[in-house]
Amino acid sequence: MVDFLQALNDPATAFLRYALLAGLLASVSLGVVGSYVVTRRITYIAAAIAHSVLGGIGAAVYLNVVKHWHWCDPMLGATAAALLAAVVIGLVSLYAREREDTVISAVWVIGMSVGLLFFAKTPGYINPMSYLFGNILLISARDVWLVAAMGAVVVALGLGFYNKLLAVCFDEEFAALRGVRVKFYYLLLLCLTAITVVLLVRVVGIVLVIALVTLPAAIAGHFARQLWQMMFLAMLFSMIFVTSGLALSYPTNLPSGPVIVLIAGAAYLLVALLARLRRRHGA
Amino acid sequence: MSDEPVISLCGVAFSYGAAPVLEDVGFSVGPREAVCLVGPNGGGKTTLVKLILGLLTPRRGEVRLFGQPPRSSRRRAGYMPQHVQYDPRFPVSVMDIVLMGRLGQGGLRGLTGWYGRADRHAALDALEQVGMKEFGRRPFGSLSGGERQRVLIARALCCGPDLLLLDEPTSNIDTMVEARLLELLGELNTRMAIVLVSHDLGFVSGLVERVICVNRRVVVHPTSKLTGDSIRDLYGSEVRMVRHDELDM
């Protein structure tokens, strides 16, 4: 623990400070978006969006190295791919409901395949593991600013349209009767989810990000009586998991993504178990 | 308020896939009129309500709500659905739900969907009307079936409607609350049209002027002429009728 605090102040390990900052900033968006995702029951859509991000990263890396498009950053590719996946899945689930799960699976694997093919055609060795499971050594100060800026957009939209998004998540039919453009807000929600997923790719990686979207919100759901309480608690839990995960992984030299996710998973199981015990004892 | 019908249907047909649900449906409901839709399960009552609100589009015929296509005028209707597909763990308070009736107003507030003081007053007022004023802060999932139903009625009232559409408002409600609801509906009926879906003809007979029998086709009966025969025709079997007026003696 002392090691971790010292390392946070050490200029030689600035990446650790950046990772913590990025994780804490992203937790704010996670709280807001994760609560919508869990109550609207679209965590599998969030997972598909997360995996499709690899396609965007692969394309961006390829264009950068082979075509010398130096402005084409992996995070830009990730954001474009995530938004594209969100809109494709959203439109299909709105207009062709019965095939929703098929399309989700398709977007999921096509995105990953595209990414791996681009990696294969890019000269030099690119390790997809750092994108899949995160690598805090790669986090720069610029990434932190990016997380802050994109997170601010997500939180502003997610809270600005709180009442409408709540109505759409709770009772879509009634919201439509009140003149709320239900399809638009559903797509907005998926796009906010897409951006939130991208925020965390550097810290915990594509595969693990879905745990941080869903688990803090799911735990918060056990305590919250209103959606905004769920958002606030989910944000707090996410901050605790990111901080304790980094603090635990740094001195033990373990990859931080899996440690963060395992802490979140253990906390979720514990809370679910306690809630079950309490119900059994007739509360 | 003009005498233009609030609801009018002409030659309306609807089917889910190949199976026809409604055929050649035509009737109208005037302002400040109260009608009840009755009929067997699967006869098309809820489908008819959804057609009136523009949630479904008829295969043939025309539906008019306040003289317009339902989609452009349905904000003037307050609707209580029979079922809300609802997750008991959804973190939402009674007040949150009733306030949803205030969405869809014009101007800047309509754009963001933020509620003001007037909206909160309207929501509290609606809760008071259904006798649930002190439940505002309670989580919706912690309520009983009857209480949830009253909250959804309050949400419909909170829309400030010119037409109230209630789908099975009494299915979970006990007799005492039912009597109060009936009184409330009678009072509201002086200001707005009311369409009820109900199995409970005893409940509605004091309120509505006409009963609209829905069983794929639609037959309209004035309440005074509702006899054992017409009910038997509708349900297709013998139905015992309780004559409330005789019990009162």
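For region B:93-131, filtered to residues that are assigned to a loop (DSSP other than H, G, I, E, B), within 14 Å of another protein chain (Cβ to nearest Cβ) and of a type in the set (A, V, I, L, M, F, W, C), the residue that is farthest from A:Asn163 (Cα to Cα) is B:Leu103. Within region B:92-121, residues that are touching a residue at least 60 places away in the same chain (Cβ under 8 Å) sit with their Cβ atoms under 8 Å from residues that are charged (D, E, K, R) and assigned to a helix (DSSP H, G or I), at 6+ positions apart or across chains, in these pairs: B:Val98/B:Arg155. Within the set B:Arg138, B:Arg216, the sole residue that is surrounded by 14 or more Cβ atoms within 10 Å (Cβ to Cβ), more than 14 Å from chain A (Cβ to nearest Cβ) and of a type in the set (D, E, K, R) turns out to be B:Arg216. Note on region A:72-191: enclosed helices (runs of 4 or more DSSP H) holding 1 or more residues that are within 14 Å of chain B (Cβ to nearest Cβ), acidic (Asp, Glu) and over 19 Å from the mean Cα position of the chain (by Cα) are A:172-177.
Count of region A:139-161 residues, restricted to those that are under 14 Å from A:Gly23 (Cα atoms), touching a residue at least 24 places away in the same chain (Cβ under 8 Å) and surrounded by fewer than 18 Cβ atoms within 10 Å (Cβ to Cβ), is 3. Of all residues in region B:37-72, those satisfying the criterion of being over 29 Å from A:Arg40 (Cβ atoms) and without any contact (Cβ under 8 Å) to a residue 60 or more places away in the chain are B:Asn41, B:Gly42, B:Pro58, B:Arg59, B:Arg60, B:Gly61, B:Glu62, B:Val63, B:Arg64, B:Gln68, B:Pro69. Of all the listed residues (B:Met100, B:Met132, B:Met176), the sole one being over 18 Å from the mean Cα position of the chain (by Cα) and surrounded by 14 or more Cβ atoms within 10 Å (Cβ to Cβ) is B:Met132. Filtering A:Ile195, A:Ile240, A:Ile263 for residues that are within 30 Å of B:Tyr115 (Cα to Cα) and either of a type in the set (D, E, K, R) or part of a helix (DSSP H, G or I) (or both) leaves a single hit, A:Ile195. With respect to being under 25 Å from A:Val92 (Cα atoms), in contact with a Ser or Thr (Cβ under 7 Å, 6 or more places away or on another chain) and more than 14 Å from chain B (Cβ to nearest Cβ), A:Val33 fits the description.
Restricting region B:141-161 to residues that are buried (at least 19 other Cβ atoms within 10 Å of the Cβ) and part of a loop (DSSP other than H, G, I, E, B), the residue that is farthest from the other protein chains (Cβ to nearest Cβ) is B:Pro161. If you take the residues of region A:60-71 that are among the hydrophobic types (A, V, I, L, M, F, W, C) and not in a helix (DSSP H, G or I), which of them is surrounded by the fewest Cβ atoms within 10 Å (Cβ to Cβ)? It comes out as A:Trp71. Residues in region A:215-246 that are more than 10 Å from every other protein chain (Cβ to nearest Cβ) and surrounded by fewer than 21 Cβ atoms within 10 Å (Cβ to Cβ) were compared, and the one that is farthest from A:Phe133 (Cα to Cα) is A:Phe232.
Using the structure shown, decide if B:Ser28 is among the hydroxyl-bearing types (Ser, Thr, Tyr) and over 26 Å from A:Ala175 (Cβ atoms). Taking the combined requirement at face value, the residue satisfies it. Filtered by the rule that a residue be small (Gly, Ala, Ser) and in contact (Cβ under 8 Å) with a residue 40 or more places away in the chain, region B:73-91 gives B:Ala77, B:Gly78. When region A:42-59 is filtered for residues that are more than 30 Å from A:Leu165 (Cβ to Cβ) and surrounded by 24 or more Cβ atoms within 10 Å (Cβ to Cβ), only A:Gly58 remains.
Read-outs: derived from the displayed coordinates by stated rules, not from any lab. Keep in mind that what you see is a predicted model, and the values were worked out from it rather than measured. With ideal geometry, Cβ positions are generated from the backbone for all residues, glycine too; neighbour counts draw on all protein chains shown.
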